[in-house]
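Here the structure is laid out as structure tokens; the discussion comes afterwards.
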Amino acid sequence: MEKLIYFDNAATTFPKPEEVYRRVDHVLRNVGGNPGRSGHRMALSANRVILDARDSVAGLLNIEDSSRVVFTSGATEALNLGIKGFLRPGDHVITSGMEHNAVVRPLRAMERKGVQVTKVKCSPEGFLDPGDIKKAIRRDTRLIVIIHASNVTGTINPVKEIGEIARERGVKLLVDAAQTAGALPIDVVRDNIDMLACAGHKSLFGLQGTGFLYISPDIQLEPIKEGGTGGASDMDEVPETLPERFEAGTMNTPGIGGLGAGVEFILREGLEKIRSHEAGLTDRLIRGLLNIEKVIVYGPRDSGRQVGVVSFNINGKDPSDVGFILDSSFGIMARVGLHCAPDAHKTVGTFPHGTVRLSPGYFNTVEEMDVVVDAVNKIASL
Ligand code: PMP
């Protein structure tokens, strides 16, 4: 069989560490019950799976109270909760020109409800200048929502500095860490983060359909969904206590168990080791691509300032055609187009056609980088 090379880890990581597969299988086969519902032993074991995963996530991100980690179906739901649960008509919110539609669209929906939005421009490489955020703060600004690293160019934003500005001015900070949780060190205390939205299925190695929102004790949020929480069932409102307040409905126990195993893998392996392997792959890929005539690489083009996300185009070729040939002729899985982030492509200058995105992950090898560069070289000379 043809050897396939998976280069779409920014969409979702593949493969997962072995222990993730084992944990999901174990939870499905042996745990079985519904967490937080019933007092029988299988329900209690399911509860344990969720609690352990919550503790692992909290440990990775320096979250003191793990009950402030609310599991969601992904970064999208986490961002919707952080944005819609926090903002009220009349509020002003600041965001950037590099955001994913998981931020752009909920903010647009809130604009229709009387929230005002300022989009701060970024450089063509995708960098956000904290000074520009400072200038955009008004008396009615309540929230800053920014992407930690771009899913188009990989560009890393100075979250800590932006957090300091937010803190000084009494504004809250919501960070979209979909591309960074598990890939870069994040410490919610050191980085002055009030809310952190994460995908479970990318660099945290969990399953698709998992994610979470960290909510600091200084944040008051309204739930965006109501339903059964397993306890306080006599009340017709969701309870005040976290995490139940934001976790109505049956939890995705196998998925969350898998996410917990993914985080344990990272803690055991060491984030530094993971980051350094991915940075090495990213630099090799960028250098290889830059050597090809007709290839344009977007973003910082430097692993010190970006995560493992590399966008490029071949002059005169449509990105979808390049993606199609990569897959059909070379067995290489890339993602093409706008990557659900049209604003980022407007900033970079690649709207509306987009780019070809290669996103190496921890399980890719140096040899695979060279195979991909060789394939792009061949396509460029067609
Ligand atoms: N934000 C960014 C930067 C992303 O890359 C993604 C995933 N493409 C999301 C948000 C949405 O994440 P999820 O698919 O987990 O809802």
Mind giving me the FRET efficiency for residue 240 and residue 26? R0 is 35 Å, r the Cβ-Cβ distance, nearest 0.05 is fine. 0.55
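Above 31 Å lies some portion of the pair distances; for the chain, what is it as a whole percent of all C-alpha pairs? Spell out each step's value before the answer.
Working: 26862 of 72771 pairs.
That fraction is 37 percent.
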Difference of contour (0.36 nm per residue) and Cα-Cα distance, residue 40 to residue 109: 20.6 nm
Using a Förster radius of 41 Å, what is the FRET efficiency between residue 187 and residue 2 based on their Cβ-Cβ separation? Nearest 0.05, please. 0.45
Along the dipole axis of the stretch 321-382 (charges at Cβ: +1 for Lys and Arg, -1 for Asp and Glu; origin at the Cα centre), the most positive-end residue among 361, 336, 380 is 336
Residue farthest toward the positive end of the dipole of the stretch 18-269, with Cβ of Lys/Arg at +1 and Asp/Glu at -1: which of 66, 195, 116? 116
Restricting to bridges with both residues inside the chain, how much of the DSSP beta-bridge set is antiparallel, in percent to the nearest 5? 50
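Among residues other than residue 369 whose Cβ falls under 13 Å from its Cβ, what is the net charge (Lys/Arg +1, Asp/Glu -1)?
On the way: positive: 284, 287; negative: 278, 283, 367, 368, 370, 374.
Charge balance near residue 369 sits at -4.
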Expressed as a whole number of Å, what is the distance separating the alpha-carbon centroids of the stretch 158-205 and the stretch 85-108? 16
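What is the dipole size for the chain, taken about its Cα centre, with +1 at each Lys and Arg Cβ and -1 at each Asp and Glu Cβ, in debye to the nearest 20?
Details: 44 positive and 48 negative charges, 122 e Å.
That gives the chain a dipole magnitude of about 580 debye.
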If Lys and Arg each add +1 and Asp and Glu each add -1, what is the summed charge of the other residues whose beta carbon sits under 11 Å from the beta carbon of residue 33? +3
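At 0.36 nm per residue, and after removing the present C-alpha to C-alpha distance, how many nm does the segment from residue 140 to residue 224 gain when stretched out fully?
On the way: separation 84, 0.36 × 84 = 30.24 nm, distance 2.31 nm.
Using 0.36 nm per residue and subtracting the Cα-Cα distance, I get 27.9 nm.
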At 0.36 nm per residue, minus the direct Cα-Cα distance, what do residue 290 and residue 302 gain on full extension? Give it in nm, one decimal, please. 3.2 nm
Lys/Arg Cβ at +1, Asp/Glu Cβ at -1, dipole of the stretch 18-269 taken about the Cα centre: which of 163, 265, 76 is farthest positive-ward? 76
Round to the nearest 10 and give me the degree value, 0 to 90, for the angle of helix 101-111's Cα axis relative to the longest principal axis of the chain. 60
Label point distance in nm, residue 48-residue 366, each placed 7 Å from Cα along Cα→Cβ: 4.4
Relative to the first principal axis of the alpha-carbon coordinates of the chain, what is the inclination of helix 41-61, with its axis defined by its Cα atoms, in degrees from 0 to 90 and to the nearest 10? 50
Can you give the calculated 222 nm mean residue ellipticity of the chain, where each DSSP H run of n ≥ 4 adds -39,500 (n - 2.57) and the sum is split over every residue, rounded to the nearest 500 deg cm²/dmol? -11500 deg cm²/dmol
Can you list the residues of the stretch 1-36 with backbone N under 15 Å from a point 7 Å past the Cα of residue 268, pointing along Cα to Cβ? 16-26
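Since every read-out is calculated from the coordinates, none of them should be taken as a lab result. Since we're looking at a predicted model, the values are computed, not measured. All Cβ positions, even for glycine, are placed from backbone atoms using ideal geometry, and neighbour counts span all protein chains on display.
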